[in-house]
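Structure record follows, encoded as structure tokens.
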Amino acid sequence: MSFPIHRPRRLRQTELLRTLVRETRLSPASFVYPLFVCPGSNIRQEVGSMPGVFQQSADRIVEDCREVESLGIPGVILFGLPESKDPRGVSSLQKDGVVQRAIEAIRKAKLNLVVITDVCLCEYTDHGHCGVIENGKVSNDATLEILAEQSLSHARAGADIVAPSDMMDGRVAAIRKRLDENSFQDLPILSYAAKYCSGFYGPFREAADSAPQFGDRRSYQMDPANSSEALKEVALDLEEGADMIMVKPALPYLDVICRVSQEFHVPVAAYNVSGEYSMVKAAAQNLWLDEKRVVLEILTGIQRAGASIILTYHAKDAARWLK
């Protein structure tokens, strides 16, 4: 009876052996935790479709950030729910806007966190689209000035990174120019370079109150059937001055994450989005799967595909489990 010479199972026999030869090592150091900032004080309201995720006033955001810091998670990304909305999203530019106040509160608390801000108009416009509406359509060029001003406002409030998520053509260049003109030449841009028009955003739109009031976002977000186009989008954003790029969502686009990470030598982020989070939470609540095991497997898969930064609502739970 002959036996195989090569026995890969030799290195799987114990947990210590498996740990020693593990190729992908998941760590909280790669996580960014998303937060939703609302007006007022002492407000913490759970999002119905996202158990464990809250809309919070700036003072409660600071409390959450203290926990994030204690868990070894290096960064947060802020999304705003403004007091008022209008067709052009001008409340996003205000010095005392919800995101700007949250940045200042985190800075005042002297927390050791990277503060990233989402730059977009969908949360601030009364029509819910990511750009200005002209003649019934989202106007690309009319939106760029507002995005640039929003980024500058976040920079002045103390943001460490601005992250445009609108998918308007040329927005990275417009933002880079405005930041540089105002002595923020050292402020990095994390571009949502390959953001797909996805059905996985539903719970986020409840959390951020950002659902479009008419039509959809197919004219500016990417077609889910395309992957080579993502490389073009990334290349354009890097040429315009982006320092890091993002692929969003993560799970249906692991192939895109892989292609981008292999093609471009810059930090690649992936957004493990709301729908991906809510599916796991719903299945876990119904005892259909082991939440801890599945979450860590998902996050490992995203990192294995090539993401060095993972934006995830699971960040705090995953950080505790990894400890």
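The values are calculated or read from the model by the stated rules, or taken from the named source; none is laboratory data. Remember, it's a predicted structure, so these values are computed and weren't measured experimentally. Every residue, glycine among them, receives a Cβ derived from its backbone with ideal geometry; neighbour counts consider all protein chains shown. Each accessible area value is taken on the protein alone, full model and side chains, heavy atoms only, with ligands, DNA and RNA left out. Shrake-Rupley method; radii C 1.70, N 1.55, O 1.52, S 1.80 Å.
Rounded to the nearest 500, the helix-only mean residue ellipticity at 222 nm of the chain stands at -11500 deg cm²/dmol, with each DSSP H run of n ≥ 4 adding -39,500 (n - 2.57).
Beta-bridge orientation, the chain: approximately 20 percent antiparallel, per DSSP, counting only bridges with both partners inside. Using a probe of 1.4 Å, the accessible surface attributed to F204 totals some 20 Å² when neighbouring protein chains are kept in position. Computed with a 1.4 Å probe over protein heavy atoms only, the accessible surface of the stretch 1-58 comes to 68 Å² per residue. The orientation-averaged shadow of the Cα convex hull for the stretch 124-236, equal to a quarter of the hull surface, comes to 7.6 nm².
When the listed pairs K110/K323; K95/K177; K110/K316; K110/K177; K95/K248; K195/K281 are checked against a 26 Å cut-off, the alpha-carbon distance exceeds it for K110/K177; K95/K248. For the stretch 1-84, the pair-distance distribution built from all alpha carbon pairs, in bins 5 Å wide starting at 0, is 3, 12, 15, 15, 11, 8, 6, 7, 7, 6, 4, 3, 2, 1, 1, 0 percent. The shape of the stretch 201-254 can be summarised by an equivalent ellipsoid whose semi-axes, obtained from the alpha carbon gyration tensor, come to 23, 14, 13 Å from longest to shortest. Close amide H pairs (under 5 Å, H built 1.01 Å from N) link V53 with V47, residues at least 5 positions away or on another chain. Think of a 1.4 Å ball rolled over the protein heavy atoms: the stretch 108-183 then has 36 Å² of accessible area per residue.
Expressed as a rounded percentage, what relative contact order does the stretch 193-283 have, with Cα pairs under 8 Å and six or more residues apart? Here the relative contact order equals 38 percent. The residues K316, K95, sorted by heavy-atom accessible surface at 1.4 Å with ligands and nucleic acids left out, run K95, K316 from largest to smallest.
When D223, D166 are compared by accessible area of protein heavy atoms, the largest-first order is D223, D166, using a 1.4 Å probe. Which of these values of Kirkwood radius over Cα pairs in Å was calculated from the structure shown: (1) 21.6; (2) 20.3; (3) 22.4? Entry (2).
What you get for the stretch 1-85, charging only the Cβ of Lys and Arg (+1) and of Asp and Glu (-1), is a dipole of about 840 debye around the Cα centre.
Taken per residue, the accessible surface of the stretch 218-282 reaches 42 Å², heavy atoms only and a 1.4 Å probe. The candidates S183, S227, arranged from most to least accessible area with a 1.4 Å probe in the full protein assembly, appear as S183, S227. The stretch 81-106 and the stretch 237-271 have Cα centres lying 28 Å from one another. If one computes P(r) from the Cα atoms of the stretch 171-317, what percent of pairs lie at distances over 23 Å? The share of Cα pairs beyond 23 Å in the stretch 171-317 comes to 42 percent.
In this structure R156 has an accessible area near 150 Å², from a 1.4 Å probe over the protein heavy atoms.
Listed by chain and number, the aspartates and glutamates placed with their C-alpha closer than 20 angstrom to that of K137 are D86, E123, D126, E145, D166, D169, D216, D223; residues fewer than eight positions away on the same chain are left out. On the chain, 51 percent of the accessible area sits on carbon and sulfur atoms, based on a 1.4 Å probe.
In a DSSP loop and with at most 13 other Cβ atoms within 10 Å, the trypsin sites (Lys or Arg not before Pro) in the stretch 21-88 are R22, R25. When the surface is traced with a 1.4 Å probe over the full set of protein chains, L11 keeps roughly 90 Å² accessible. For the chain, the relative contact order is 18 percent, taking Cα pairs closer than 8 Å that sit 6 or more residues apart in sequence and dividing their mean separation by the residue count.
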